[in-house]
1. Assess whether Ala130 counts as being closer than 27 Å to Gly73 by Cβ, open to solvent by 30 Å² or more (accessible area, probe 1.4 Å) and aliphatic (A, V, I, L, M).
2. What strands (runs of 3 or more DSSP E), lying completely within the stretch 71-163, carry at least 2 residues that are touching a helix residue (DSSP H, G or I) at 6+ places or on another chain (Cβ under 9 Å)?
3. I'd like to check something: does the stretch 107-130 contain any residue that is touching a Gly at 6+ places or on another chain (Cβ under 9 Å) and either of a type in the set (Ser, Thr, Tyr) or without any contact (Cβ under 8 Å) to a residue 12 or more places away in the chain (or both)?
4. Would you point out the residue of the stretch 164-183, among those that are part of a helix (DSSP H, G or I) and open to solvent by 80 Å² or more (accessible area, probe 1.4 Å), that is farthest from Leu56 (Cα to Cα)?
5. What are the residues in the stretch 52-80 that are within 18 Å of Met194 (Cα to Cα) and either among the β-branched types (Val, Ile, Thr) or without any contact (Cβ under 8 Å) to a residue 60 or more places away in the chain (or both), if any?
6. Of all residues in the stretch 58-85, which are open to solvent by 30 Å² or more (accessible area, probe 1.4 Å) and under 16 Å from Gly187 (Cβ atoms)?
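The values are calculated or read from the model by the stated rules, or taken from the named source; none is laboratory data. Everything numeric in this text was worked out from a predicted model, so none of it was measured. Cβ: placed from backbone, ideal geometry, glycine included. Neighbour counts: every protein chain shown. Accessible surface is based on the protein model in full, side chains and every heavy atom, while ligands, DNA and RNA are left aside. Shrake-Rupley method; radii C 1.70, N 1.55, O 1.52, S 1.80 Å.
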Amino acid sequence: MSVDRFADGCVLVQPFAGASEGFDSADDLLHVLDELVMYAQERGRPLKKRNVNVMLYRDRRVFLFVYSDCVNGPSVSLGLPKVVAALTDADALGSAILQGLRESNATVHPARDWRADPPDREFLEWLGLATYRQYQRGVRSVDVSAAFDHEPQEIEVVPERNERRGGFTPISQWRRMLTFESPEQLGRAVQEAMKKAIA
């Protein structure tokens, strides 16, 4: 018996007529069958949805908010964001966003009391601001998302409109889907999207 895996995801199992060409024991056969089951489960499982929000702050720092699902609520970014010194270096920006995408939904946040401990509490304390509305003033935002397990193939980049009192909403007409090639390419796409974002 032989097991061949092809690039398109197909698996071909071929039995041999001669016993000498088969497995030496039942354990060998069970091992290969276990591998096939695991491979089929991996193929059938939906890819992880990953999300990073890129925000250009008033002082020109770039904040990357990495989102993950929560046991008792929506997908949230907890703690402090990743910080990129400026938007101008496309490779550094893209590399940081790519790393954020890899970390997104790598784990699930435990349950928490959202009223007693809101998700932006630590971030606002770090900036020395009392409310999210104070932070939001003059900020530009780009949403970056992808579905993958190991490395992205396609990445969606969407500039957003700052609604001030209503958070940020996507500007769908400028939505762009990238076939991922390099961190620099991703960084340049976010730079362009940020020009279309509305503060």
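1. Working: closer than 27 Å to Gly73 by Cβ: yes; open to solvent by 30 Å² or more (accessible area, probe 1.4 Å): yes; aliphatic (A, V, I, L, M): yes.
The answer is yes for Ala130.
2. Details: elements: 73-76, 82-84, 140-147, 154-162.
Those strands (runs of 3 or more DSSP E) span 82-84, 140-147, 154-162.
3. Scanning the stretch 107-130 turns up no residue that is touching a Gly at 6+ places or on another chain (Cβ under 9 Å) and either of a type in the set (Ser, Thr, Tyr) or without any contact (Cβ under 8 Å) to a residue 12 or more places away in the chain (or both).
4. In the first step, residues of the stretch 164-183 are kept if they are part of a helix (DSSP H, G or I); the result is 172-174, 183.
Applying the additional criterion that residues be open to solvent by 80 Å² or more (accessible area, probe 1.4 Å) yields 173-174.
Details: Gln173: 20, Trp174: 18 Å.
Among those residues, the one meeting the criterion is Gln173.
5. Answer for the stretch 52-80, where residues must be within 18 Å of Met194 (Cα to Cα) and either among the β-branched types (Val, Ile, Thr) or without any contact (Cβ under 8 Å) to a residue 60 or more places away in the chain (or both): Val52, Val54, Asp59, Arg60, Arg61, Val62, Phe63, Leu64, Phe65, Val66.
6. Arg60, Arg61, Lys82, Val83, Ala85, listed by residue number.
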